[in-house]
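Chemist: My questions will all concern the structure given below.
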Amino acid sequence: MKRVVNFQEQDPSAEEWEFKDTKTENKKRKNGHREKFNATTTKRLDHAEFIKKKEEMAAFRKQLPIYSGREAIINTLQTSDTVIVMGETGSGKTTQIPQYLIEAGLASSEIGSVAVTQPRRVAAVNLAKRVAEETMTRLGSKVGYTVRFDDTSSPQTVIKYLTDGMLLREILSDELLLRYKVIVLDEAHERTLRTDMLFGMVKKIQKIRLERQGQDGILPLKIVIMSATLDAEKFSEFFNNAKILYVSGRLYPVDTMFTVEPQADYLDAALVSIFQIHVNNPKGDILVFLPGQDAIEGLTTLVNEYSTQLRPTQQKLLACPLFAALPPSQQQKVFDPAPENTRKVVLSTNIAETSITIPGIKYVIDCGLAKLRGFNPKIGVESLLLHPISKSSAWQRTGRAGREAAGVCYRLYTEDAFRELEDDTVPEIRRCNLAAAVLSLKASGVENVLEFDYMDRPSRASLVRALEELYALGAIDDHGNLSELGKQMAEFPLDPTYSKVLIQSKEYGCSLEIIAIISLLSVDSVFFTPSDKREQATEARKKFLHPDGDHLTLLNVLKSYWEVKGDIEWCKENFINNRNIKIAMEVRDQLIRFCERIDMDPKSSCGSDTDNVLKCFLTGFFQNTALLQPDGSYKSVAGSQNVKIHPGSAMFGKRVEGILYNELVFTTKHYVRGVSAIQSAWLPLAAPKYFNNVRS
Ligand code: CDP
Ligand code: MG
């Protein structure tokens, strides 16, 4: 079948790509194809090699756009307490400025180190690796990273890349962040909830440290804010008119193309566009922006399958996925050059928009969508929604095609659709559930969260709502102060609902089960559903299904996985995503350590009395519940909203008295996912404060 996506200004003689049915045997070839693409192996360098590499690195650093401004940057950093740095993605802000700070003696193991925050863990890990390489040091010594469930920093570390969430957690144990001399808040334009909280917190810490300067050896704190878009003025205003430094970037012209017609299926449109580019356009790698792991994995499989149909004389095509949950060894492939006679196609979330620069990209395909966290304070449900991106995101994506030479950006939407996009993405603090943020502010000593110094103040309703939720969870007491439970909850690197459930598992004697289920919920999915084998996958899943729903079904999967000792063949036969389950087991190890720290027995098990597991889940998820109505529909307890059970759930089509669910997704209907059966009598026991309030 010939399919084509028509872009404006397209050469009418361009070759259309013919899709033939793929056969499963193709898989074998695909794997052979993949093996050639090894991750770089670390080997010991001899002295001559070491010198050569060092010179190469020095030369590389000198040709970056930021280098010409090095002196000016150092001078400004020396004389100012707070500096805003604005510069095109790829100019060298994140990798170079921390090194400049160390080179200029503005931070050191004696006076305090540099912390560089990133909204995403993949970026933190990748950047630390890169800077360790540039400084010719072992990762974890001079340069390290700290992300949730993984820490490679050591007492020698002077440049530490960490997620914004981890820095917030460090404030809990080091309230003036005294181990740091400089805090770099990177990717500020993204305005994630946590970065926004850090703006207010580090501003306050800087003020206190200045006042207490000299007492107990306290030194002033330097703040550097880095951004890739033109919003520097706003940051400057918030930080008492801090000086702005503009780093000139290097960007080649990029042709932008829109589709002539709106595309009904963006995945299909992306697939067709990839092959159109591949068979018609000269050399250069392709970067495709997609909304999430599912879409990326699906398309990776398709591209690798269809690429076996390319003519033997044609260049090969190799798909490389990039998303947050990808194990580091796989991530590396994105950055390695493609093998001989092969075009690389990187399928990424918006992580490649500004935080990470991938070399060799000449073509960008932008599906125009991203997954954004959203929250509706009225019905009290948070959701991850597929959303059109903003104009500024679209331009950032476009820019990725012009890093090394002139490029082309293919937008999988029409020019009219582009005109209708918002100018900028609304800051997360304005659209998501603030319970986690408020808990973390409270735990860091901010008593009045309504009066906190926000750069963009969230609505009063959403703050009050967050306080109510924390109160219902028992994290704050009648006077609005953090309770003992609340303090423990803030210690866990989890959302308050999950940390509550985990801590309560001690009471219900089911920590083993709860830790296992939460770990599995932390990854996208442990089920693997290839598009060409949907039926077999559904059939294979049946043996794990638990009559009480998805939570216990996950537990069944894990029990079987343990029985076969994680056998890969078993995973394949049973359509279990081996990679995701492995990541979940790493998360589990970390959670076990956290539990041990607060004297919980991570092995306590309720055995076959699995009702306890669900009752325990209710202590956190009591707001995510719905009751069966006489007409067979379910109505949510919190917002009297009609909800439908997602077809992918073990509870789909079932009628039970009540359900609890992990999330509500708005697509065409209000679907609930991660669903289990509950009894309505359990509700007041699980959350007495909440249900007393609801009734009164
Ligand atoms: O922060 P900014 O976007 O300004 O740039 P950066 O992340 O410091 O990256 C500067 C340059 O370093 C990029 O253009 C890449 O050429 C290179 N780099 C790399 O080769 N490998 C990495 N893992 C990260 C950066
Ligand atoms: Mg950067």
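Chemist: Roughly how many Å is it from the Cα centre of the stretch 193-236 to that of the stretch 457-480, as a whole number?
Modeler: Between the Cα centre of the stretch 193-236 and that of the stretch 457-480, the gap is 26 Å.
Chemist: Consider just the alpha-carbon atoms of the chain and return their Rg together with their Dmax, both in angstrom.
Modeler: Values for the chain (Cα only, Rg and Dmax): 25.9, 80 Å.
Chemist: Further question on the same structure: Stokes-Einstein D for the stretch 297-438 at 20 °C, 1.002 mPa s, Kirkwood Rh over Cα pairs, in µm²/s? Spell out each step's value before the answer.
Modeler: Numbers: Rh = 17.3 Å.
It comes out at roughly 124 µm²/s.
Chemist: Taking the Cβ-Cβ separation of SER141 and ALA72 as r and a Förster radius of 35 Å, what is the calculated FRET efficiency to the nearest 0.05? Could you put the intermediate results ahead of the total?
Modeler: Values: r = 30 Å, r/R0 = 0.86.
Once the sixth-power term is evaluated, E becomes 0.70.
Chemist: Just to compare against my own numbers: the Cα pair-distance distribution for the stretch 251-342, 5 Å bins, whole % per bin, please.
Modeler: 2, 10, 21, 24, 21, 15, 6, 1
Chemist: For the stretch 474-567, just run the numbers: alpha carbon Rg, then divide by 2.2 N^0.38 Å, N being how many residues it has. Please report the intermediate quantities before stating the final value.
Modeler: Numbers: Rg = 17.3 Å, N = 94, 2.2 N^0.38 = 12.4 Å.
That ratio works out to 1.40.
Chemist: If you plug each phi of the stretch 388-400 into the Karplus form 6.51 cos²θ - 1.76 cosθ + 1.60 with θ = phi - 60°, what whole-Hz ³J(HN,Hα) values come out, in order, with x for Gly and Pro?
Modeler: Those phi angles translate into x, 6, 8, 4, 5, 5, 4, 5, 4, 4, 4, x, 5 Hz.
Chemist: Of the options PHE666, MET651, LEU520, report the single residue whose Cα projects farthest towards the positive end of the charge dipole of the chain (beta-carbon charges: Lys, Arg +1; Asp, Glu -1).
Modeler: Of the listed residues, the answer is LEU520.
Chemist: Using the Kirkwood radius built from alpha carbon pairs, what does the Stokes-Einstein equation give as D for the stretch 289-338 at 4 °C and 1.567 mPa s, in µm² per second? Walk me through the numbers before you get to the answer.
Modeler: Working: Rh = 12.0 Å.
Using the Kirkwood radius from Cα pairs, D works out to 108 µm²/s.
Chemist: Taking the stretch 570-613, how much of its Cα-Cα pair set, in percent, is spaced more than 15 angstrom apart?
Modeler: Numbers: 585 of 946 pairs.
Looking at the stretch 570-613, the distances longer than 15 Å represent 62 percent of pairs.
Chemist: Would you mind giving the three semi-axes, in whole Å and largest first, of the ellipsoid equivalent to the stretch 142-197 according to its Cα gyration tensor?
Modeler: Numbers: eigenvalues 67, 34, 27 Å².
So the equivalent ellipsoid measures 18, 13, 12 Å along its semi-axes.
Chemist: For the stretch 630-696, just the Cα atoms, rotate onto the principal axes and tell me the three extents in Å, largest first.
Modeler: 34, 23, 20
Chemist: Over the stretch 512-595, with a single point scatterer placed on each C-alpha, what log10 of the ratio I(q)/I(0) does the Debye formula yield at q = 0.13, 0.15 1/Å?
Modeler: With one equal scatterer per Cα and no solvent, log10 I(q)/I(0) is -0.38, -0.51.
Chemist: Could you estimate the translational diffusion coefficient of the stretch 560-692 from the Stokes-Einstein equation, with Rh from the Kirkwood formula over C-alpha pairs, at 37 °C and 0.692 mPa s, in whole µm²/s? Walk me through the numbers on the way to the answer.
Modeler: Values: Rh = 17.1 Å.
For the chosen part, D equals 192 µm²/s.
Chemist: Measuring from label point to label point, each 7 Å out along Cα→Cβ, what is the GLN63 to LEU210 span in nm?
Modeler: 4.2 nm
Chemist: Something else about it: Any chance you could run the full-extension gain for SER531 through SER109? It's 0.36 nm times the residue separation minus the Cα-Cα distance, nm to one decimal. Write out the running numbers ahead of the final one.
Modeler: Numbers: separation 422, 0.36 × 422 = 151.92 nm, distance 5.25 nm.
So the chain would gain 146.7 nm between SER531 and SER109.
Chemist: Here's a follow-up. Considering the chain, which cysteines have no disulfide-compatible partner, defined as another cysteine with its Cβ under 4.7 Å away?
Modeler: Cys with no partner Cβ under 4.7 Å: CYS320, CYS367, CYS409, CYS432, CYS571, CYS595, CYS616.
Chemist: Label the stretch 51-114 by shape, choosing from rounded, prolate and oblate, from the square roots a ≥ b ≥ c of the eigenvalues of the Cα gyration tensor; if a/c is under 1.5 it is rounded, and otherwise prolate applies when a/b is larger than b/c, oblate when it is not.
Modeler: Working: a/c = 2.16, a/b = 1.26, b/c = 1.72.
It comes out oblate by the Cα gyration axes.
Chemist: May I ask you to derive the FRET efficiency for ILE244 and LYS283 from their Cβ-Cβ distance with R0 = 45 Å, giving the value to the nearest 0.05? Intermediate results must be reported in sequence, preceding the final value.
Modeler: On the way: r = 39 Å, r/R0 = 0.86.
FRET efficiency, ILE244 to LYS283: 0.70.
Chemist: Ordered by residue, what ³J(HN,Hα) values in Hz, to whole numbers, does the stretch 309-322 give under the Karplus form 6.51 cos²θ - 1.76 cosθ + 1.60, where θ = phi - 60° and Gly and Pro are x?
Modeler: My calculation for the stretch 309-322 gives 8, 5, 5, x, 7, 7, 4, 7, 10, 10, 8, 10, x, 9 Hz in order.
Chemist: Take the stretch 140-299, drop everything but the C-alpha atoms, weight them equally and run the Debye formula without solvent; then report log10 I(q)/I(0) at 0.15 Å⁻¹ to two decimals.
Modeler: The computed values of log10 I(q)/I(0) come out as -0.99.
Chemist: What's the center-to-center distance, using Cα atoms, between the stretch 243-261 and the stretch 481-506 in Å?
Modeler: Going from one Cα centre to the other spans 44 Å.
Chemist: Find the all-direction average of the projected area of the Cα convex hull for the stretch 469-526, expressing the result in square nanometres with one decimal place. The partial results should precede the final answer.
Modeler: Values: hull surface 17.5 nm².
Across all orientations, the stretch 469-526 yields a mean hull projection of 4.4 nm².
Chemist: Let me ask something additional. Enumerate the whole-percent occupancy of each 10 Å bin, from 0 to the last occupied one, for all C-alpha pair distances of the stretch 426-480.
Modeler: Bin by bin from 0 Å, the calculated values are 24, 61, 14, 0.
Taken together, the values in this text are just the output of simple stated rules run on the coordinates, not laboratory data. Quick caveat: nothing in here was measured; it's all calculated off a predicted structure. Note: ideal-geometry Cβ built from the backbone for every residue, glycine included; neighbour counts use all protein chains shown.
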